[in-house]
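Data first, discussion second: the structure below is written as structure tokens.
The values are calculated or read from the model by the stated rules, or taken from the named source; none is laboratory data. Not measured: the values here are computed from a predicted model. As a convention, Cβ positions derive from the backbone with ideal geometry for all residues, glycine included, and neighbour counts pool all protein chains shown.
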Amino acid sequence: MAAREQLPPRPGSALDELRAALDRAAALAREIESRPEGAGELKSRLADVESDREELSTKLAEYEHQVQRLMNLYVATYQLHATLDPGEVQATIAEIAINLLGAERFVLLFWRTSADGTRSGDCEIAFAQGMEEDQSGLYLNSAYVGGDSVVDATLADGVLRIGPFDGSPALACVPLTVQGATVGALVILKLFDHKEMLRAEDRDLLDLIAAHAASALFAARDYSVTDRKLKTLESLVALVRRQ
Amino acid sequence: MKPKKVLVVDDSKLLHRMFEMMLRGFPLVHAFDGREALDRLAEHKDIELILLDINMPRMNGLEFLNAVKAHPEFARIPVVIITTEGTEDDTERGMQAGAAAYVKKPFRNEELLGVINRLTASPAA
């Protein structure tokens with residue numbers, strides 16, 4: 001009785017079911033046959049994803065590189081203009097050269113000027129680092145004696161030069177400009193051994209030094225002179241009032 | 001895991017500013033030489049990482065490192081030497097004195113952050 005109840009409701013329906021089952025089997029077979037192609041498609045998509053990942057990874061590295069460049073520039077600019085003490089500005093220029101550019105030996109040169117502001121002829125060394133081992137003979141008695149074609153050219157035309165150069169110990173010569181006039185130069189003579197050469201991004205920092213270092217230093221010097229005069233006047237006024 | 005506080009010991013104001021920019025989100029304590037750094041360590045008991053320069057006035061980085069490693073309370077704090085002294089001898093001297101890592105200036109941000117992440121993720125740190 002139970003078996004009868006399980007019979008299809010009409011004779012043809014069993015065939016229909018069998019046909020449907022065969023159709024499903026055929027469809028499954030086709031699906032199985034198509035699987036290698038599916039795997040191929042998946043592999044292709046995986047390759048695309050891998051390629052995208054690599055591209056993103058490269059872009060991320062570029063992005064980090066840009067962030068570093070901008071951070072260096074921001075910090076250097078900020079620190080150059082963060083003080084009105086000429087000594088501190090000078091120290092900041094040295095810190096940029098050492099810590100951000102990797103300079104082991106360098107000199108900061110400024111044209112000597114007379115009281116009326118005109119050049120007196122030679123360049124004084126305002127700051128020097130690692131010059132004890134310098135054998136060039138170009139930097140003596142706190143002055144640049146002249147004769148390095150790269151340094152002479154930069155002091156004359158105010159153009160940033162990045163070497164190395166034939167016939168000059170300088171690796172880079174950075175003009176220091178104030179209102180378009182070249183007032184000195186930063187001459188990098190040696191990098192730390194673990195820094196093989198100046199890189200493309202270092203040029204941004206050298207440009208920044210060229211544009212900002214001298215103006216920051218001159219502003220600080222002017223402030224310092226003015227402040228000293230003001231204090232002298234104030235003490236004179238106080239003295240007169242007491243009398 | 002992010003360190004509670006990071007002590008930056010360097011005589012360069014520029015570098016202190018750089019660390020402030022680079023390590024945003026890390027509470028920093030600043031010192032400009034080794035002696036001042038020892039004072040800061042005594043004041044801030046929750047310092048968990050030290051970034052240390054070598055060439056400094058009054059007390060240099062190696063003297064400070066020796067003092068830290070000899071102090072039972074501070075000896076466990078990992079120290080990263082960050083310096084321009086880049087020879088193998090310099091590196092070996094620093095590591096023998098107890099530094100956890102040695103980074104040469106000028107450094108790339110990701111290089112230093114990688115070192116900090118490695119040290120602060122390590123159970124030994």
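Brief remarks follow.
- Within segment A:137-173, the set of residues being β-branched (Val, Ile, Thr) and farther than 17 Å from A:Phe110 by Cα comprises just one member, A:Ile162.
- Test: residue in segment A:79-99 that is more than 9 Å from chain B (Cβ to nearest Cβ), outside any helix (DSSP H, G or I), under 23 Å from A:Ala170 (Cα atoms) and touching a helix residue (DSSP H, G or I) at 6+ places or on another chain (Cβ under 7 Å): no
- For A:Val151, the stated conditions hold: it is more than 30 Å from A:Glu62 (Cβ to Cβ) and modelled with pLDDT of 90 or more.
- Cβ-Cβ distances below 9 Å connect the following pairs, each with a first residue in segment B:5-28 that is within 14 Å of chain A (Cβ to nearest Cβ), a second residue that is of a type in the set (Ser, Thr, Tyr) and not in a helix (DSSP H, G or I), and a separation of six or more residues or different chains: B:Lys13/A:Thr83; B:Met18/B:Ser12.
- Count of residues meeting criterion [crowded, with 19+ Cβ neighbours inside 10 Å and away from chain A (no Cβ under 14 Å)] in segment B:79-93: 2
- Hits in segment B:71-94 (condition: outside any loop (DSSP other than H, G, I, E, B) and modelled with pLDDT under 90): B:Thr83, B:Glu88, B:Asp89, B:Asp90, B:Thr91, B:Glu92, B:Arg93, B:Gly94
- Boolean, A:Glu196 is free of Cβ contacts under 8 Å to residues at least 24 places away in the same chain and either under 26 Å from A:Gln66 (Cβ atoms) or out of contact with any His (no Cβ under 7 Å at 6 or more places or on another chain) (or both): yes
- Restricting B:Leu119, B:Leu38, B:Leu62, B:Leu51 to residues that are more than 14 Å from chain A (Cβ to nearest Cβ) and within 13 Å of B:Val8 (Cα to Cα) narrows the list to B:Leu38.
- Odd one out for A:Asn141, checked against (1) free of Cβ contacts under 8 Å to residues at least 60 places away in the same chain; (2) surrounded by fewer than 18 Cβ atoms within 10 Å (Cβ to Cβ); (3) within 17 Å of B:Leu15 (Cβ to Cβ); (4) of a type outside the set (Ser, Thr, Tyr): (3)
- Residue-level analysis places A:Glu201 among those that are part of a helix (DSSP H, G or I) and touching a Lys or Arg at 6+ places or on another chain (Cβ under 7 Å).
- Take the conditions (1) under 22 Å from A:Lys190 (Cα atoms); (2) without any contact (Cβ under 8 Å) to a residue 24 or more places away in the chain; (3) more than 15 Å from the chain's Cα centre (by Cα); A:Gly146 misses just one of them, which is (2).
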